[in-house]
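This report refers to the structure that appears directly beneath it.
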Amino acid sequence: MDQRRVRIETYLNRLHGYALSLAGDRDRARDLVQDCALRAMAARRSPVDEPAYRAWLFRILRNAYLDQERRAGRTQSLSDGHDQAPGDTQIWRFDESLISALTVRIGLARISVAHREIITLVDLVGFTYAETAELIGVAPGTVMSRLCRARHALLKAITESNVQPLPIGIGTAQARKLAK
């Protein structure tokens with residue numbers, strides 16, 4: 001039993017990131033991960049192969065999310081939304097990186113759950129197109145087209161946000177003055 005727990009623990013951060021992208025709420029994401037872990041621990045069998053095991057865990061989490069949505073009477077769909085339109089320089093580099101990460105996070109919050117899911121699985125978790133296709137039950141070509149539309153939606157959400165890049169070469173002190 002202890003080996004099962006250790007094996008699941010290696011994926012908890014990735015599972016939480018995926019759950020957060022689906023649920024959009026930290027508390028619900030934690031509940032989903034806990035539900036996933038409990039279901040995985042209770043399973044009589046689990047895949048031996050590590051990539052298959054990882055996909056199996058993410059499938060359990062996805063199914064837990066869908067079950068939760070159905071029970072709550074929400075009709076949130078994970079299917080593709082075809083109808084949706086697609087200073088110190090070291091410190092400053094850190095600031096740029098932080099701003100970029102926050103901008104992407106804000107953009108992800110503005111796109112549909114289906115788009116967040118596909119971006120999270122491929123770009124953040126690192127599943128291949130084939131693994132993602134198997135996980136969500138579609139063809140690999142469908143994953144590629146959904147990912148393309150999702151990335152376009154993310155880019156659109158980011159460009160329409162109120163986050164504006166600062167001019168290149170501006171120092172930290174100058175940036176603070178602009179922010180006031």
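For every residue, the table says whether it meets (1) within 28 Å of A109 (Cα to Cα); (2) surrounded by 15 or more Cβ atoms within 10 Å (Cβ to Cβ).
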| position | (1), (2) |
| --- | --- |
| V6 | no, no |
| R14 | yes, yes |
| A19 | yes, yes |
| A37 | yes, yes |
| Y53 | no, yes |
| D67 | yes, no |
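Restricting to the range 21-49, name every residue that is over 22 Å from S112 (Cα atoms) and in a helix (DSSP H, G or I).
Q34, D35, C36, A37, L38, R39, A40, M41, A42
Take the conditions aliphatic (A, V, I, L, M), in contact with a helix residue (DSSP H, G or I) (Cβ under 9 Å, 6 or more places away or on another chain) and at pLDDT below 95 and apply them to I168. Does it pass?
no
For the condition over 25 Å from I111 (Cα atoms) and not assigned by TED's automatic domain parsing to the domain that holds V122, what is the one hit in V48, V33?
V48 is the lone residue from the list that is over 25 Å from I111 (Cα atoms) and not assigned by TED's automatic domain parsing to the domain that holds V122.
So, in the range 1-20, how many residues would count as being closer than 15 Å to R44 by Cα and not in a helix (DSSP H, G or I)?
Residues meeting the conditions: 1.
Could you list all residues from the range 24-33 that are of a type outside the set (D, E) and either within 16 Å of L66 (Cβ to Cβ) or exposed (fewer than 14 other Cβ atoms within 10 Å of the Cβ) (or both)?
G24, R26, R28, A29, L32, V33
The values are calculated or read from the model by the stated rules, or taken from the named source; none is laboratory data. As the structure is a computational prediction, the values presented were derived from the model and not from experiment. All Cβ positions, glycine included, derive from the backbone under ideal geometry; neighbour counts span all protein chains shown.
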